[in-house]
Amino acid sequence: MKRIDPTLDAAKRNAAIRAVAAVENKMVLGLGSGSTASVAIELIGARVAQGLAVTGIPTSERTAALARKLGIPLTDFSKHRRIDLTIDGADQIEAGTLNLIKGLGGALLREKIVAEASARMIVVADHTKQVKQLGDATPLPVEVVPFGWERALEKLQALGAEAALRRVGDAPFVTDGGHFIVDCRFAAIADASGLQDQARRIVGVVETGLFVGLASEAVLGRDDGVTVLERQTPAAYSPPDFARL
């Protein structure tokens, strides 16, 4: 039986409380997936019960079911092309860049569609998800079409990954979109953008779990509070003033 760490539960709740404070009336929300995002959805549901008027676009069927249970009205991209705020979790958060690895829960494609449609994305997680560099202990999920997945896996291995098809028992894990997931272990991911481009060029790859430049901020929970991280952008290039040389 998996041991539940009460301090991590408190950390997740603290992160969710801080993120949900950014939710305003009339917003279209991206509703994320994962344990910490689920806490945030529960908090949003409590505010809806008190009169908050929002609509949500869920990132997974499981999230949609939770939102309906809590009375959160749902919508879709046929009615709203743009999302005001998304609150979602992450499996790894790179300090400084706020680049992410997502997808261990199997919802990476819908999560990325929602994230890219969002004016603002707040990542919620406990403090253990912050890393100096992506990769290493956390595998990178890559969503692939079932037909010819073996070739896609081999090409991902050629990029330097230890790759394995995700399974549930003897059967392949199937995403909400009907795809498979290949979990790729890299010793370190020094160039997340470059790796994402390489993986996307493989025929049969639908999307990767690398979220590059999408998170606006990350709220990392501890049992006694939170740390808020903002994405650091490189300084703009300023040409030399030759008149002063």
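The values are calculated or read from the model by the stated rules, or taken from the named source; none is laboratory data. None of the values given here were measured: they were computed from a predicted structure. Here the Cβ is made from the backbone with ideal geometry for all residues, glycine too, and neighbour counts use every protein chain on show.
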Flag for Val114 being β-branched (Val, Ile, Thr) and not in a strand (DSSP E or B) = yes
Tell me which residues, restricted to the range 67-105, are among the hydrophobic types (A, V, I, L, M, F, W, C) and either on the phi > 0 side of the Ramachandran plot or part of a loop (DSSP other than H, G, I, E, B) (or both).
-> Ile72, Phe77, Ala90, Ala95, Leu98, Leu104
Looking at Val219, Val145, which is the one that is among the hydrophobic types (A, V, I, L, M, F, W, C) and in the same structural domain as Ala22 (by TED's automatic domain parsing)?
-> Val219
Only one residue in Lys102, Lys132 is under 23 Å from Val226 (Cα atoms), touching a strand residue (DSSP E or B) at 6+ places or on another chain (Cβ under 8 Å) and surrounded by fewer than 14 Cβ atoms within 10 Å (Cβ to Cβ). Which one?
-> Lys132
Specify the residue that is modelled with the lowest pLDDT; the eligible residues are those in the range 221-245 that are loosely packed, with under 11 Cβ neighbours inside 10 Å and within 20 Å of the chain's Cα centre (by Cα).
-> Thr233
Can you pull out the residues in the range 11-26 that are surrounded by fewer than 19 Cβ atoms within 10 Å (Cβ to Cβ) and under 15 Å from Asp88 (Cβ atoms)?
-> Ala22
Condition check for Gly45: among the small types (Gly, Ala, Ser) and touching a residue at least 60 places away in the same chain (Cβ under 8 Å) | no
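Name the residue, out of Ala164, Ala137, that is aliphatic (A, V, I, L, M) and modelled with pLDDT of 95 or more.
Every option except Ala164 fails the conditions.
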Sole residue being over 17 Å from the mean Cα position of the chain (by Cα) and in a strand (DSSP E or B), chosen from Ala199, Ala163, Ala218, Ala190 | Ala163
